[in-house]
Amino acid sequence: MKLASFLVMMFLLASCKTEKVVEVDLYQYFKGINGTAVFYNPSTSEYKVFNIVLSDKRSSPCSTFKIMAAYIALSEHIVSPEDSMLKWSGMNYEFPAWNKNMDMKTAFKTSCVWYFRRLINNIPPQKVQSYLQEYQYGNQDVSDWAGEQNANTDIKDLKGFWLESSLKISPMEQVRFLARMFARKTSTTDILKDIMQISESPAKIYGKTGLGIKDDKVDNAWFIGFYEREKQQIFFAVRLNDKQNNIQDYRHRASFYARQIAIDIIQNANLF
């Protein structure tokens, strides 16, 4: 058995035996927005969860799937840190930042859908499926490979099974997936850490937002990742599920609200 696979297996066995879930009150950080937060400390196998019912509800991962997509593409040598540039097709997308040649780090930071659609197109569906199964990534359903269930756009470059389509995952599953992946501590996860980092202090925070629109309303908004403080690595997922919210510009900024809620909790809640 390869060392990396052995480490993941040991992580799974340990977490299954000693898992502890504690409900916590984080209502003040959500400021009236309906949502959930999951924080997990692998060193103690303890979860701190706000809104437990919602934490087990699956929805589209949306752009948070770019973490997995980047991991698969790097692991399968579709791209490398030194050679990850993809050429822009010349199509004028809604977001000007997407209208240029992209490397992986820039595409991740700008959440460029066409870049990751093209990466995934270079990987056989069966191979993607095997990674989802290995990491127990939600319902592991890539059946709508082209993302035709997504009615938000007709542009094929902006569709995918992870965008309001067949693939679904819950906040609890997001946290478990991240913990399994980063338990490996490989060169690939080191590259991902560099791509994901958003903050240096007082805690190093790594993460990715995601935003799902359905029927012209916010279906879900995500911020997932982990933070490091005092040699501890804590994994988290914040998801907002509030289709009726009247906050100004909520439709366009919901994922940024999720991100800020997570950062506020990390900096002020002292969960671990």
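None of the figures in this text is laboratory data; all of them are computed from the coordinates on show. Since we're looking at a predicted model, the values are computed, not measured. Because the Cβ atoms are built from the backbone with ideal geometry, glycine has one as well, and the counts that use them run over all protein chains shown.
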Once both label points are put 7 Å beyond Cα along the C-beta direction, the Thr44-Tyr93 separation in nm becomes 4.1
Residues whose built amide H sits under 5 Å from the amide H of Arg229, excluding neighbours closer than 5 in sequence, are Ile234
Treating only Lys and Arg (+1) and Asp and Glu (-1) as charged, each at its beta carbon, one finds that the chain has a dipole about its Cα centre, in Debye to the nearest 20, of 280
Over 32 Å (Cα to Cα) among Lys20/Lys231; Lys105/Lys159; Lys185/Lys243; Lys20/Lys109; Lys156/Lys185; Lys109/Lys156 -> Lys185/Lys243; Lys20/Lys109; Lys156/Lys185
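Grab the Cα-Cα distance for Asp25 and Met85, subtract it from 0.36 nm times how many residues apart they are, and report the gain in nm with one decimal. Don't jump to the answer; show the numbers that get you there.
Numbers: separation 60, 0.36 × 60 = 21.60 nm, distance 4.40 nm.
Taking 0.36 nm per residue and subtracting the Cα distance, the gain is 17.2 nm.
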Computed over the range 93-248, the relative contact order (Cα-Cα under 8 Å, seq sep at least six) in percent reads 15
Calc'd 3J(HN,Hα), the range 167-177, phi into Karplus 6.51 cos²θ - 1.76 cosθ + 1.60 (θ = phi - 60°), Hz, glycine/Pro = x, comes to 6, 9, 8, 9, x, 4, 5, 4, 5, 5, 4
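Given contacts defined as C-alpha pairs under 8 Å and at least six residues apart, what's the relative contact order of the range 19-84, whole-number percent? List each step's numbers first, then the result.
Working: 52 pairs, mean separation 18.6, N = 66.
Taking the mean separation of contacting Cα pairs over the length of the range 19-84, I get 28 percent.
Suppose only helical runs count, i.e. DSSP H with n ≥ 4. What mean residue ellipticity at 222 nm does that imply for the chain under -39500 (n - 2.57) per run, divided by all residues and rounded to the nearest 500 deg cm²/dmol? Before the final figure, lay out the partial values.
Numbers: 10 runs with 101 residues, N = 272.
It lands at -11000 deg cm²/dmol.
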For the chain the mean separation of alpha carbon contacts under 8 Å (6+ apart) over residue count, i.e. relative contact order in percent, is 22
In nm, the gap between the two label points placed 7 Å beyond Cα toward Cβ at Ser201 and Ser187 is 3.2
Per residue, the convex hull enclosing the Cα atoms of the range 35-194 spans a volume in Å³ of 120
Hydrodynamic radius by Kirkwood for the range 84-165, inverse mean 1/r across distinct Cα pairs, in Å, is 13.6
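Percentage of Cα-Cα pair distances in the range 130-272 greater than 24 Å, rounded to whole percent? If you can, show how the numbers build up before the last one.
Numbers: 3808 of 10153 pairs.
Tail fraction, whole percent: 38.
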